[in-house]
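Remarks on the structure that follows.
Laboratory data are not the source of any read-out in this text; all were calculated from the coordinates shown. Model, not experiment: these values are computed from the prediction. Cβ placement follows ideal geometry from the backbone for every residue including glycine, while neighbour counts extend to all protein chains displayed.
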Amino acid sequence: MAIKTYKISPEVEEAAKAGGFPSVNQYVKHLMQFHREARQEQEDTMVKIFNRTIAFLELERMTMHRTAEALHLLLKKTDIDLQLTEQEREYLRFAIDDSLKRGAWGPK
């Protein structure tokens with residue numbers, strides 16, 4: 001088994017002595033452990049942020065779905081004719097067509 005040797009700079013040796021470590025190896029191991037823990041903490045933070053974002057988006061999607069269902073039920077029960085401007089009609093037509101293409105919902 002081959003042993004690898006590395007040249008350690010004087011700055012590392014001074015930092016190890018200033019940090020109160022008994023050897024340079026202990027100091028290097030401490031630095032490696034510190035970096036590993038910091039990296040793991042960053043990854044955990046990113047996962048938590050991602051999970052919170054996805055949960056928020058899912059809640060918003062569910063809210064929008066319930067709102068669309070309620071609007072559909074209201075229009076069906078009241079049997080009223082919506083008095084929309086041309087721009088509102090175009091937006092509504094675009095939103096419905098887009099939802100139908102994605103399969104998000106369909107007319108009943």
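Before moving on, here are some points about what is shown:
- Structure-based [θ]222 nm, the chain - -39500 (n - 2.57) summed over DSSP H runs of at least 4, per residue, nearest 500: -27000 deg cm²/dmol
- Under the Karplus curve 6.51 cos²θ - 1.76 cosθ + 1.60, θ = phi - 60°, whole-Hz ³J(HN,Hα) for segment 24-38, x wherever Gly or Pro sits: 5, 4, 4, 5, 5, 4, 4, 5, 4, 5, 4, 5, 4, 5, 5
- Approximating the spin labels as points 7 Å out from Cα along Cα→Cβ, the Ala55-to-Ser99 distance works out to 2.7 nm.
- Nitroxide proxy distance, nm - points 7 Å out along Cα→Cβ at Glu11 and Gln83: 7.6
- Mean Cβ neighbour count within 10 Å, used as a protection proxy, ranking 6-13, 24-31, 64-71 highest first: 24-31, 64-71, 6-13
- With a simple spin-label model that places each label point 7 Å from the Cα along the Cα-to-Cβ direction, the separation between Lys76 and Val24 comes to 7.8 nm.
- Each residue of segment 3-18 was assigned a 3J(HN,Hα) from its phi angle through the Karplus expression (A = 6.51, B = -1.76, C = 1.60, θ = phi - 60°), giving 9, 8, 10, 10, 8, 9, 6, x, 5, 5, 4, 5, 5, 5, 5, 5 Hz with x at Gly and Pro.
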